Structure formats: structure tokens, C-alpha cells
1. State whether the residues of region B:31-44 include one that is more than 19 Å from A:SER179 (Cα to Cα), surrounded by fewer than 21 Cβ atoms within 10 Å (Cβ to Cβ), more than 17 Å from the chain's Cα centre (by Cα) and of a type in the set (S, T, N, Q).
2. May I ask you to verify whether B:LEU158 is closer than 16 Å to A:MET175 by Cβ, assigned to a strand (DSSP E or B) and either more than 13 Å from chain A (Cβ to nearest Cβ) or under 12 Å from the mean Cα position of the chain (by Cα) (or both)?
3. Give me a count of the residues in region B:63-76 that are in a loop (DSSP other than H, G, I, E, B) and either away from every other protein chain (no Cβ under 14 Å) or touching a strand residue (DSSP E or B) at 6+ places or on another chain (Cβ under 8 Å) (or both).
4. Identify the residue in region A:132-171 that is of a type in the set (S, T, N, Q) and surrounded by fewer than 20 Cβ atoms within 10 Å (Cβ to Cβ) and, among all such residues, is nearest to the other protein chains (Cβ to nearest Cβ).
5. Quick check on A:PHE162: is it in contact with a Gly (Cβ under 9 Å, 6 or more places away or on another chain), over 21 Å from A:LEU217 (Cβ atoms) and among the aromatic types (Phe, Trp, Tyr)?
6. If you check B:GLY60 against the conditions, is it modelled with pLDDT of 85 or more, surrounded by 15 or more Cβ atoms within 10 Å (Cβ to Cβ) and either within 14 Å of another protein chain (Cβ to nearest Cβ) or closer than 30 Å to B:LEU136 by Cα (or both)?
7. I need a count of the residues in region B:114-147 that are closer than 22 Å to A:PRO190 by Cβ, more than 11 Å from chain A (Cβ to nearest Cβ) and outside any loop (DSSP other than H, G, I, E, B).
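The values are calculated or read from the model by the stated rules, or taken from the named source; none is laboratory data. Quick caveat: nothing in here was measured; it's all calculated off a predicted structure. With ideal geometry, Cβ positions are generated from the backbone for all residues, glycine too; neighbour counts draw on all protein chains shown.
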Amino acid sequence: MLITRQMISQTLLLLGLSLYTAYAAGPFVWTALMSVRTTSEISADPYAWPETWHWSKYLDAWYSSNYAAYFWNSTIVVVVSVILLSVIGALAAHCLARYRFRGNRLVYFVIFSTIIFPPQITIIALFQVLVEYGLFNSHIGLILVYVSIQLPLTVFLLEGFFARLPQDLFDAARMDGYSDLEIFWRITVPVGMPAIITTMILNTIHLWNEFLYAVVLITDDDKRTLPLGIQKFMGDRLEDTGMIATGMMIAVIPIIIIYAVFSEKLIQGMTAGAVK
Amino acid sequence: MAIVQLKQLSKYYSGQSEPAVDAVSLTVDDGEFMVLLGPSGCGKSTTLRMVAGLENISAGELLIDDVLMNKIPAKDRDIAMVFQSYALYPHMTVRDNMAFGLRRRGIKGAELERRVRATAETIGLTPYLDRKPHALSGGQRQRVALGRAIVRNPKVFLLDEPLSNLDAALRVSTRSELVKQQRNLGTTMIYVT
């Protein structure tokens, strides 16, 4: 009797999980299948299994549609932005979490309050500022914008984590003779690594997919990032659905790999070494 | 080896009318084991933190070997402190925890290893040198915290309720161990409990 009840609950759980997996992974599988079919095949029957697997579409996208350039542009912009965000964000968060000074909460509030502005409000002003400083249509300009839009959330998440680290740890390092900056590198950064990796993953995913700022601030085809490359296949009259799916797969694969690699590290970091 | 003198030492926190520490005067002789005892919140820890250099001194003078220490930063006072929470660096092994302060003072290589080993030997930590703090019991962590202070061979030892996280039996044995260590080392110690 007891075993059957357990079996029922297990079956229900399995069923629920299967449904959720289908719901979450379904669109992804569909896109993946479309990425190896041509647009005319897709128009004939959107949900059909590929008759012939057109792997050459990936080569087409990579070489003929300039995806190689988009991919490297995205990589450079995102990697540099995420590194800058992690360093600046962690320093700012450490400072706000660790030091009592006049205006601490004010600085925190000012940084965090910028999160309330939707990008549509700031983008025209940003456009003008970047043109003024000769940063329009450049990767450096886009990186600066990316760092500034993601900094509030990064500081918010890291500050919350750093503030929970016990003060004794920092006092002990001071007694051991370390300066403030050394304490940051040798204590805050390694101990706070799970939080730093979390913000790195969030920032990478968000910036890798970022479209609005990129479409406004980059005009040269050679400087475009991946989301703009995908847009190229959306014409006024005809949408090249097949190539859009291929482009999306190229864009999404690195993110999946990064997430798979980092999330394991993340869990390791979270479970190892509680403070006391 | 040092004489610690507190002259009218006071601590005021902004926004509080009563001082946290009110004109404490005290002399701890060279090699003396001084114990500060009192109810919680009476300012023992604050006094200790002022001696350590972790809190600014609002009024009065702190002298170690007749040198005024008020403005000297914690790292230059040659004082070691054992914290109530032990404050072990969670990402480092026991060896690295103990070596952390020595490395900062330019000790490395064979000399570093020799000193860490010698200290670990005296307090029975040798088998645990490669473990991280989370893999140790409460008593072992406490000994690492103590070892981290001993290995530096400081002028003054400060202990802030180092036994309060241990169970009763362990507390008694550690306490006698501590007294023994102090006699062996002959270091000036201030112990808050």
C-alpha cells in the first residue's frame, strides 16, 4: 500500500517534470529543428521533422552572412563589459558593504535608483553624448553603455552578499597586516566568488541578448553584434525564418555552454566552506 | 614581550550620550596574563578592539613599551588577536590561514613552512594542515585561530571570548591549554570573557 502511494507520487512528479521540460525546452527544440530546414520547407509545414538536414546553413550564416564578424563583435563587447562590471561592481559593493562613511546609503541609492529608468528614456540622451565624445558607432562606446546599465544590479547583488560576510574576517586580515585593497583581493573576492560568478552569468546572458542599445548605437555592419545579425534576416516583406533560426542557434549555443560550465562552479562555491 | 598601558582610555560613538568605554586605566606587565571579566555590553570588547587598533581611540592614551600607539594602524602594532568567531579565512587551508600573516611580513619558503609546522606541532594541528576550516570541528577551529596568532610571535596577544563557542568540557581543557601556552610563550596576554 505504502509502496503504491510512493509510486503514484513519483509518477505524478515525473509527469509534472516532463510537462515542464516540454514547455521549457519545446521552443528551443523547435528552433533547433528549423535551423537545419530551409525557409520554403518551414512555410510548407512549420512543425515537420527535417527531411534533409541542411547543416550547410550554419556555414552559410557564418561565412556568407557575416556571422563570424558578429560573433566576435559580440564576444569582445560582452567579455570586456563583464570583466569591467565585475571589477568595478565588486570594488563598489565592497566599499558600500564594508565602510561606514557619511553618505554611504546616499551613494548606494543614487547608483541603484538609475534602475528605474527604462532604456527608451535614456537612449536619445545617450546617443547624443556618445556622438559628442566620438564614441558613437564604436565598440568602446557600446561597452561603456553596457557597463553603466548593468552596474546598478551588479552592485546591488554583490553588496547584499558582501554585507553578510562577518566583519571579524576583515578585522583578522587587518591584524595580519593587510591593507584595504589587499583585503579586497585576498578576502572579499575569493570568499565572495559565488556571488561574483552569479552576476557574471546574469550580465553575460543579458548583454549577449541586448538589442536596443546595440541597434541604436552601432551602424556599421562590421561592428554589429549577434542580435543585430539576426535582425538582418527580417525583411520588410519576406522573413527568412530558416536563417533566423540558424542565427539564433549560433547565438544561443555559447550561452548554454557558459551556463553549463559555470553553474557547476556556482553550486560548488555555494556549498563549500561556510564561514564559521 | 611588552608592557601595555591604558591611560584614561575612552570610546564615544557618535549619537550616543554615554561613552562605550569610560576612562579605563590599566597596566599589563610584560608576560602578564590579564583577564577582563564583566557582563556583556560593558565595553570589554571595545577596549580590546581599541588596543588592537580596530577602533579609534576617542580620548586617553595607549602605550605599548612606552610608545604611544593611538595613531599607529593595527597592522603596525605587532599585536595578534583571537576572535570569538575565530574569523578563519574559509577559502584557505589551515596552513595558509596560519601563513597569511607571516607572508605579509616577508617570511616565505622554508622558514615559513618551519614556523607553521612548529606551531602546528605545539597545538596538535599537524594532521589538519591541508584541511579547510569547514572540515574541522569547533575545537580544532579554535586551535587554528590560536595557532594563527601564536605563529606570528607577536608582542601582545588579545583574546576576545575565544572559548564561548565551545562546549563545556572542551572549554575547560582549552582554557588550561591556553594558560600553559601563555606560560611557555611568556607573551603578554589580554583575555576578555
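1. yes
2. Here the answer is yes, as B:LEU158 does meet what is asked.
3. Keep residues of region B:63-76 that are in a loop (DSSP other than H, G, I, E, B), which gives B:65-66, B:69-73.
The next check asks that each one be either away from every other protein chain (no Cβ under 14 Å) or touching a strand residue (DSSP E or B) at 6+ places or on another chain (Cβ under 8 Å) (or both); those that pass are B:65-66, B:69-71.
Final tally of qualifying residues: 5.
4. Residues of region A:132-171 that are of a type in the set (S, T, N, Q), as a first pass: A:137-138, A:148, A:150, A:154, A:167.
Remaining after also requiring surrounded by fewer than 20 Cβ atoms within 10 Å (Cβ to Cβ): A:137-138, A:148, A:167.
On the way: A:ASN137: 43, A:SER138: 39, A:SER148: 31, A:GLN167: 9 Å.
This residue is A:GLN167.
5. Values: in contact with a Gly (Cβ under 9 Å, 6 or more places away or on another chain): yes; over 21 Å from A:LEU217 (Cβ atoms): yes; among the aromatic types (Phe, Trp, Tyr): yes.
The answer is yes for A:PHE162.
6. Taking the combined requirement at face value, the residue does not satisfy it.
7. 5
To keep it simple, each residue is scored yes or no on (1) of a type in the set (A, V, I, L, M); (2) surrounded by 10 or more Cβ atoms within 10 Å (Cβ to Cβ).
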{"residue": "A:ILE3", "(1), (2)": "yes, no"}
{"residue": "A:SER9", "(1), (2)": "no, yes"}
{"residue": "A:LEU14", "(1), (2)": "yes, yes"}
{"residue": "A:ALA24", "(1), (2)": "yes, no"}
{"residue": "A:ALA32", "(1), (2)": "yes, yes"}
{"residue": "A:GLU41", "(1), (2)": "no, yes"}
{"residue": "A:ASP60", "(1), (2)": "no, yes"}
